[in-house]
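Structure, as structure tokens:
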Amino acid sequence: MFVIERILQKCYTENLPIILVGNAQEARRLITVRFLGYIKEIDSYRSIVFYKFKPFFPLFIFKNNNNIKAIFSISSENSYETILKVKEIDTHELWTSFPNNFYVARPIRIEPNPKKPVLLYVLGKNDATNLCDVINISEKGICFVSPREYVVNNQYGFTIILPDQFGVITCYGEIKYKKQENNGFNRYGVELFIHAKDKSVIARYIMNREKEIMEMLRGF
């Protein structure tokens, strides 16, 4: 509990921005939406009050009794994530529960625009190249679905083609998990091993995609 309170107090006293993560729909598909907020108060009822949201207040994203993810960055190298329960919401402020624990934050992942998909080609030893449907992508990993069978902990070659002329990335990666979907496809999570320059390309794509999502949400 001491660690939790120390992280919260640091973000509160130093007025550090918190990333609050929810979901919205785009073309009947769930996408991840991120907003910045600041801690206004940590009250005696063990609630956190957030305000000063950027780029705008996500009233239609965060709803009462829903769980949301929050990312607390206390330095350039130390970020922690947790799950909070929405207790109350009005036009300017958001009340949530206290976190039960913190975990080291994972890299930011983004879902591609269905109209401008990220193309992923997977190449295995003695296997034909396969085009797969990308679910999300980060600087360090990618999630995709395929009817093909890939082996967890095995390494494969990957070619990633980003939309809007962001470029083509060729690398290798390791399958970290496999989950069977209802439609006969398998969902795979991959850790990518890529050059630092390619990481920066993916980071720019993620920033551009998040701007695109914000513009879409402003129309609601």
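Coordinate-derived values only; no laboratory data. Computed from a prediction, not measured in an experiment: that's the story for all the values here. All Cβ positions, even for glycine, are placed from backbone atoms using ideal geometry, and neighbour counts span all protein chains on display.
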Theoretical gain in end-to-end length, residue 165 to residue 179 [0.36 nm per residue, Cα-Cα removed]: 1.9 nm
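To make sure I understand, if each residue's beta carbon is the centre and we count other beta carbons within 10 Å, what order do 152, 134 fall in, fewest to most? Spell out each step's value before the answer.
Values: 152 11, 134 18.
Least to most surrounded, the residues fall as 152, 134.
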The range 19-76: trypsin sites (Lys or Arg not before Pro) in DSSP coil with no more than 16 other Cβ atoms inside 10 Å: 28, 46, 63
Cα-derived Rg over Rh, computed across the chain with Rh taken as Kirkwood radius: 1.01
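Tell me, what is the FRET efficiency for residue 67 and residue 126 to the nearest 0.05, using R0 = 45 angstrom and their Cβ-Cβ distance as r?
Once the sixth-power term is evaluated, E becomes 0.50.
For the chain, what is the mean residue ellipticity at 222 nm derived from helices alone (per DSSP H run of n ≥ 4: -39500 (n - 2.57); sum divided by total residues; nearest 500 deg cm²/dmol)? Write down the numbers at each step before the final one.
Details: 2 runs with 35 residues, N = 220.
Result for the chain: -5500 deg cm²/dmol, rounded to the nearest 500.
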Cα radius of gyration and Dmax for the range 2-104 (Å): 13.1, 43
Order of 190, 151, 145 - criterion: other Cβ atoms within 10 Å of each residue's Cβ, fewest first: 151, 145, 190
Nearest-20 debye value, the chain charge dipole, Cβ charges on Lys, Arg, Asp, Glu: 140 debye
Point-charge dipole on Cβ atoms (K/R +1, D/E -1) for the range 2-104, about Cα centre, debye to 20: 300 debye
Helix 2-13 axis, angle to the chain major axis (alpha carbon atoms, nearest 10°): 70 degrees
Which of 44, 97 has the fewest Cβ neighbours within 10 Å, and the rest in rising order: 44, 97
Helix 196-218 axis, angle to the chain major axis (alpha carbon atoms, nearest 10°): 60 degrees
